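First the structure, in the form of structure tokens, and then the observations on it.
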Amino acid sequence: MSHSDNSAPIVASRSFVLSDGREGRLNVFAPVPEGENEWSCVFELVGFTQAVTRKIYGIDALQSLLLATELARRTLEAVREPFNWLGGEAQDSGIGQAVPTFFDLRTRRRLATVLAREEASYAPNERADETDLVRFSGSSADADEIVRIAREAYWTLKKAADEVRRSLPGPEQHAWLLRIGLASSAIMAELVMPLAPFVSEAEERPEGGPMT
């Protein structure tokens, strides 16, 4: 899918300077509804040697937008072509890494506190260890297969959620749906999204839609 196939307006963009002086651009399009409790958000990289267009899904507009921004960050990390933003370090997109939402609130707050402590002690000459970046030495076919299996697991969780809705009462149902939702978010955040820059498919969508 190219950006000409997408009718949603661009809601955010960022320009990068490539090594030969050309402009590369990240465009993020407005989320659009796809069905009940399902929204999609598209982003694209244009001007780079290899153009990228990807779509990701969430349970509402905000989640799909946040997931698209995080996937854009990870995709830019995997770009081999040198670029910079505002004259900063090479390959630094300037997009901060978000705390994964599949953690419970207490854990997210603890991680945010740790991050704030690190920010307070940050030294400008320090650089992130390159081992923090996602590495995948397999082929795109290998990545495709891993993502396919992850999507099957996601689909199995969706069937589990449907069964929970059918068989359990309100408060107990909510607790189990939360557990299933956390598991499905983990599949997205820790398997599908990190591998997205390495797969051959143009669209990132777990079969069966998001957990609700």
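Read-outs: derived from the displayed coordinates by stated rules, not from any lab. From a predicted model like this one, the values you see are computed outputs, not experimental measurements. Positions of Cβ are backbone-derived with ideal geometry, glycine not excepted, and every protein chain shown enters the neighbour counts.
Would you mind ranking TRP39, TRP85 so that the residue whose beta carbon has the fewest other beta carbons within 10 Å leads the list? Don't skip to the answer; put the middle values down first.
Working: TRP39 22, TRP85 19.
Ranking TRP39, TRP85 by Cβ neighbours within 10 Å, fewest first, gives TRP85, TRP39.
The tail of the calculated P(r) for the stretch 1-97, taken as Cα-Cα distances beyond 19 Å, holds 39 percent of the pairs.
Which ordering of PHE136, PHE198 is given by a fewest-first count of other beta-carbon atoms within 10 Å? Kindly include the intermediate steps, with their values, before the conclusion.
Working: PHE136 15, PHE198 20.
Fewest to most other Cβ atoms nearby, the residues stand as PHE136, PHE198.
Within the shell of other residues whose beta carbon sits under 14 angstrom from the beta carbon of PHE48, the net charge comes to 0, with Lys and Arg scored +1 and Asp and Glu -1.
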